[in-house]
Every structure is written in C-alpha cells, then in structure tokens.
Amino acid sequence: MKVKMLSRNPDNYVRETKLDLQRVPRNYDPTLHPFEVPREYVRALNATKLERVFAKPFLASLDGHRDGVNCMAKHPKSLATVLSGACDGEVRIWNLTKRKCIRTIQAHEGFVRGICTRFCGTSFFTVGDDKTVKQWKMDGPGYGEEEEPLHTILGKTVYTGIDHHWKEAVFATCGQQVDIWDEQRTSPICSMTWGFDSISSVKFNPIETFLLGSCASDRNIVLYDMRQATPLKKVILDMRTNTICWNPMEAFVFTAANEDYNLYTFDMRALDTPVMVHMDHVSAVLDVDYSPTGKEFVSASFDKSIRIFPVDKSRSREVYHTKRMQHVICVKWTSDSKYIMCGSDEMNIRLWKANASEKLGVLTSREKAAKDYNQKLKEKFQHHPHIKRIARHRHLPKSIYSQIQEQRIMKEARRRKEVNRLKHSKPGSVAIVSEKKKHVVAVVK
C-alpha cells in the first residue's frame, strides 16, 4: 500500500527572527499571472517619469577666475583636485569636495593654452602665449617662499597645447610642429611635422603609450609614433578638428570634435571611414573627453551646451545647459565616472552629475535593489512609444531648438536634391555616398 506524505522544510517558510520579513512562496508559472506584463509596464512608465522628475544634474559652480576658462586638467591620483587655466594667464587649483580654490598662480602672460599633470601627480605643466613651457609643483610653496616654477623652457614659437606621457618622464607640445620633450632637458628630443599649418592639440594614447594624435588647422588629424619619431598617417576631413580624445579602454579608437557640429569616432586601423558620426550639436564642437569606462564621452560646444554620447550611438543621451552658461570651451569627465566638469566663457567651472537623476550619497540595500529593478524595467520597455517619448524628451533653450529646426529643413532639402539627382540621371553615373564617408576627404600614409 502506498502512503502519500506531505513533506515540508520549515526553513523555507519560518522566519529566523520576528524582525525578518515573512517568506511568501511564489509560483512563477506565467499562466497564473496573466497581468504581469501590464503591471510591469505601469511600473516602467512610473520609473521613467520619476527619472525625469528627479533629473537635477547641476551640482555646483566654481567661480573665481577673472577671465574665460580656457583649459582644464584632472589630478591622476586625487579625485577631489582639478586644475584650470584662464585667458588671463592665471592657473587655479580647486578642491571639489570643499568647492573652493586652494591655490592661484599667475603662470603666463596672455592665455594659458594648455595644462596637463604628471602621471605621478607631483607636478603639472602649463604652456602659454608667452612662448614658455613651465613645470610647477602640485603642492603650494612653503611659508615665506615665492611661487616659482620648477623649470621654465623658452621656445621659439607659441605653444598651443601640451600632454604628458602616461608612464614616462616625457611630454609633448604642439604649435607649428609636435615636439617631444624629456623633463630634464631644455631642448626637444625630437620634432615631428607634416604640413605647414599650426597644430591645435596633441594627445598621448593611454594604452599604447608611444602613440600620439594631433589635429591641425589645415583639417588634418595626424597620428605619430614616438619610437620611430615620424608621422604614421593622417586623415583629412571636410572641416577643421578642434581636439581629439583617445578611448581609455580601446587602444585604437579616438573621437574627434569637429567644426562642422559633429563628432567622429575613428578606428586608427581604418581611417577612411569613421566608426560613428555623432550628430546633435548646432554649433562647432570645441572639446571632448571620455568616461573612464570608455562607454561614453562628453562634448562641449560653442552652442552653450554640453552633451553626453554613448560611443555606439549617433545621438546624445543627455544635454546640459543653463541660462548663464556661455560658449563651453573645455570639458572633463572625472576619474570615478560620476561627475562632469565644464569651463566656459563667462569665467565659471560647473560641476554636473554624469547621470542626471542619480541619487548622491550612500544607498541602502533596498534602494539599490529598487534602482536595479527599475533600470531593468526601463530597459525591457525602452522601445515602447510612450516610454521612449518620455525618456527622450529634453527641454532645450529657444536658440538651440530653433537652430535644430532650421538644420532639419536644410538637411531635408539636401536629401531631396540628392534623390532627384539620382532619379533623373543615368543609372550608375551618380555614386551614392554614405553619411559616414561624406566627411572624409582623404587618408594619407
């Protein structure tokens, strides 16, 4: 005779202490939960709406400069320290936690054109309109000491940019040519040039540290190899590139900020076609900086806004602007990937959250769980039209909004013209050029 017994393990339903939550057995069979998807949709909708409600990205404004902020640099070892150089030759060191200026140096006559920190964080370098390169101690002078640079190099021409090697005591400057300097010497180790126009910025690759990229005012982006002391190859675009930034996670990928309102992400192994064209700005893009994760970058533009782009998307996920913020000259993403700093024409450095609706401070475990759950819900329903519309909507200043409409009309007119030309010409006589290839003129090796 068979005897059927019910067997239950008390561990599955009995609380260990009376403070614990009651354990509820759940059957996950979808036929027993016919309203699960509608319920999740409502939760996703509410989560998306609340994300827009709590989107308050602006954190602080650091004021103190007496002229427009022209360049910025991050401290490699300290998250709270940031350096900025202004158009009146003044360099300031800021403490972000106290939101105060902790040191002021009158570094140059005229503009501070570039600033960079040494990889160990003990000193930093500045270049200016007075044709000098100066090295300064990161710590302030002792009691009774004068504010003096450690080293000063007097050059023959004006230097427009500087960047330090990520591992060695070597730095690069740019002006009429790219010069590689040893910190101990007063003359460059090697000088590299390709063309005759002035070079606006130079950047070392953070992974393949012997590679450099530079952009010149003759519309070139030139790549150099420090070991061979020769240029490798260059790509010529339709319009001038203001600066480039290397992806800190992918050795061969860099993004260029261009005058034609776009950003171009290139793979240096195949420069004839950009990997992605990032379009959203309505004026020249002046600066770009990658997040430490390498998944996103932030761009600063002449249209008085900054935008955050995912690397693999052509449209920005976020746009930040304020009524007071004028043309944004420089932008930096902090090393903990949480904050963005931008320096603009009206003498202010602004601090923003990289994720606009993120809650600052310590999260409890329940808050973390709710945040992760809401994030998954938003990802699940992200293509639903109603949720997509709410998540994408951003309020824009009237000037930017009207320029976007105007450019849309112009773009549509160009597209219509191309379609008509194709329609009324002999098959095969008019080549169809993709959006990516349109802007690249030539690649020279």
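The values are calculated or read from the model by the stated rules, or taken from the named source; none is laboratory data. These numbers come from a predicted model, not from an experiment. Every residue, glycine as well, gets a Cβ built from its backbone with ideal geometry; the counts of neighbours run over all protein chains shown. All accessible areas refer to the heavy atoms of the entire protein, side chains included, with ligands and DNA or RNA removed. Shrake-Rupley method; radii C 1.70, N 1.55, O 1.52, S 1.80 Å.
Using the Cα centre of the chain as the reference point, and only Cβ charges (+1 on K/R, -1 on D/E), how large is the resulting charge dipole? Debye, rounded to the nearest 20.
2780 debye
Students often get this wrong, so check it: of LYS156/LYS234; LYS323/LYS388; LYS380/LYS417, which have C-alpha atoms separated by over 32 Å? Numbers along the way, then the final one.
On the way: LYS156/LYS234 26 Å; LYS323/LYS388 27 Å; LYS380/LYS417 40 Å.
Table pairs above 32 Å Cα-Cα are LYS380/LYS417.
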Which is farthest toward the positive dipole end of the chain among LEU211, HIS383, VAL443, measuring Cα position about the Cα centre, with Cβ charges +1 (Lys, Arg) and -1 (Asp, Glu)? HIS383
Using Cα springs under 10 Å in a Gaussian network model of the chain, which residue among GLY64, GLY85, GLY213 shows the largest mean-square fluctuation? GLY64
Of SER214, SER365, SER299, the most mobile residue in a GNM of the chain (C-alpha springs, cutoff 10 Å) is SER365
So how tilted is helix 365-380 from the main axis of the chain? Cα-based, degrees 0 to 90, rounded to 10. 90 degrees
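Extension gain GLU148-ASN46, at 0.36 nm per residue separation less the Cα-Cα distance, in nm?
So the extension gain works out to 31.0 nm.
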Amide H of VAL202 versus every other amide H placed in the peptide plane: which residues, excluding those fewer than 5 positions away on the same chain, fall under 5 Å? ILE162
Total charge dipole magnitude, the range 227-273, about the Cα centre, Cβ charges on Lys, Arg, Asp, Glu only, Debye to nearest 20: 300 debye
Starting from the Kirkwood Rh over alpha-carbon pairs, what translational D in µm² s⁻¹ does the range 173-321 have by Stokes-Einstein at 20 °C and 1.002 mPa s? 138 µm²/s
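For the range 225-300, report the accessible area per residue in Å² (1.4 Å probe, heavy atoms, rounded to an integer).
Details: 2480 Å² over 76 residues.
Here the per-residue accessible area is 33 Å².
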Could you work out the pair-distance distribution P(r) of the range 14-111 from its alpha-carbon pairs, with 5 angstrom bin width and percents rounded to whole numbers? 2, 10, 12, 11, 8, 7, 7, 6, 6, 7, 8, 7, 5, 3, 1, 0
Based on the Cβ-Cβ distance from ASP63 to ARG416, what FRET efficiency comes out when R0 is 56 Å, to the nearest 0.05? 0.70
Pairwise label distance in nanometres, SER187 with GLU435, each label 7 Å out on the Cα-Cβ vector: 5.2 nm
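Based on the Cβ-Cβ distance from GLN22 to ARG317, what FRET efficiency comes out when R0 is 56 Å, to the nearest 0.05? Write down the numbers at each step before the final one.
Numbers: r = 41 Å, r/R0 = 0.73.
Here the calculated transfer efficiency is 0.85.
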Residue among THR104, THR48, GLY142 farthest towards the positive dipole end of the chain, charges placed on Cβ: THR48
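Could you order peptides 106-117, 228-239, 50-61 by the average number of other Cβ atoms within 10 Å of their residues, highest first?
On the way: 106-117: 20.4, 228-239: 16.4, 50-61: 13.6.
Result, highest mean first: 106-117, 228-239, 50-61.
What is the percent carbon and sulfur in the accessible area of the chain, measuring with a 1.4 Å probe over the protein chains and ignoring ligands?
Working: 13600 of 25100 Å².
Roughly 54 percent, rounded to a whole number.
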Provide the FRET efficiency to the nearest 0.05 for the ASP139-PHE54 pair, computing r from the beta carbons and using R0 = 56 Å. 0.90
Per-residue SASA entry for CYS120, accessible area with 1.4 Å probe, Å² rounded to 10: 40 Å²
